[in-house]
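The values are calculated or read from the model by the stated rules, or taken from the named source; none is laboratory data. Just so we're clear, the structure is a prediction, and the values are computed from it rather than from any experiment. All Cβ positions, even for glycine, are placed from backbone atoms using ideal geometry, and neighbour counts span all protein chains on display. Ligands, DNA and RNA are stripped out before the accessible areas are found, and what is left, the full protein with its side chains, is counted by its heavy atoms. Shrake-Rupley method; radii C 1.70, N 1.55, O 1.52, S 1.80 Å.
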Amino acid sequence: APLGRIFEGFLALMLINNLLNAYFENKFLLKLYPVLMSFGFFCIFTYSLFTSEPIIESFARLKKKEFSVLEIKHIRHLTAFWSVWLLVNTLIALFTVLFCSIDTWLLYNGIVSYVISGVIFAVEFLYRKIVLQGNSSEHV
């Protein structure tokens with residue numbers, strides 16, 4: 001499957017970066033790790049939007065087999081939203097690598113980006129429980 005190929009390429013890129021970092025002990029390569037992670041997930045999420053089943057739907061189907069039209073629409077929009085966030089996060093992480101102090105890089109990539117991702121997840125979780133609960137007997 002093409003999505004599997006993207007994931008394999010992503011893993012190969014991470015392995016190459018880690019091997020080069022270990023060999024050269026290069027702080028720049030180490031600092032690229034969050035950039036590559038975010039970009040890899042951006043590619044996976046975005047590619048899945050062009051398939052019949054976005055990646056978030058694949059995960060959701062592990063718990064529930066059937067979805068309403070509203071839930072399918074929500075899942076597709078959610079996957080698109082995460083794709084945008086992952087691209088924005090990639091660009092901010094790259095900016096911190098190229099133009100910021102190590103302290104700023106650590107603050108953003110070690111705390112801020114995770115807090116933002118957690119808030120996005122929590123808001124979506126609440127939306128799903130409050131809004132979609134009334135439109136479906138089971139939750140996404």
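Does the stretch 59-133 come out rounded, prolate or oblate, given a ≥ b ≥ c as the square roots of the eigenvalues of its C-alpha gyration tensor, rounded meaning a/c under 1.5 and, failing that, prolate meaning a/b above b/c? Judged from the Cα gyration tensor, the stretch 59-133 comes out prolate (a/c at least 1.5, a/b above b/c).
Projecting label points 7 angstrom from Cα along Cα→Cβ for R76 and L107 puts them 4.1 nm apart. Extending 7 Å from the Cα toward the beta-carbon at both L15 and Y33 defines two label points whose distance is 1.8 nm. Extension gain for E25 to C100 (0.36 nm times residue separation, less C-alpha to C-alpha distance): 25.0 nm.
Judged by the mean number of other Cβ atoms found within 10 Å, the most tightly packed of the peptides 37-47, 72-82, 16-26, 107-117 leads the ranking 37-47, 72-82, 107-117, 16-26. Estimated purely from DSSP H runs of n ≥ 4, each contributing -39500 (n - 2.57), the mean residue ellipticity at 222 nm for the chain is -23500 deg cm²/dmol once divided by its residues. Placing +1 on the Cβ of every Lys and Arg and -1 on the Cβ of every Asp and Glu, with no other charges, gives the stretch 1-127 a dipole of roughly 180 debye about its Cα centre. Length available on full extension from K64 to E8: 0.36 nm per residue minus the Cα-Cα distance, which gives 17.4 nm.
Accessible surface area normalised per residue over the stretch 55-131 is 62 Å², counting heavy atoms of protein chains with a 1.4 Å rolling probe. A simple rule links phi to the HN-Hα coupling: the Karplus curve 6.51 cos²θ - 1.76 cosθ + 1.60 with θ = phi - 60°, which for the stretch 104-116 gives 5, 4, 5, 4, 5, 6, x, 9, 4, 5, 6, 5, 4 Hz, with x for Gly and Pro. Close Lys pairs in the chain (alpha-carbon distance under 22 Å; sequence gap of 8 or more, or different chains): 7.
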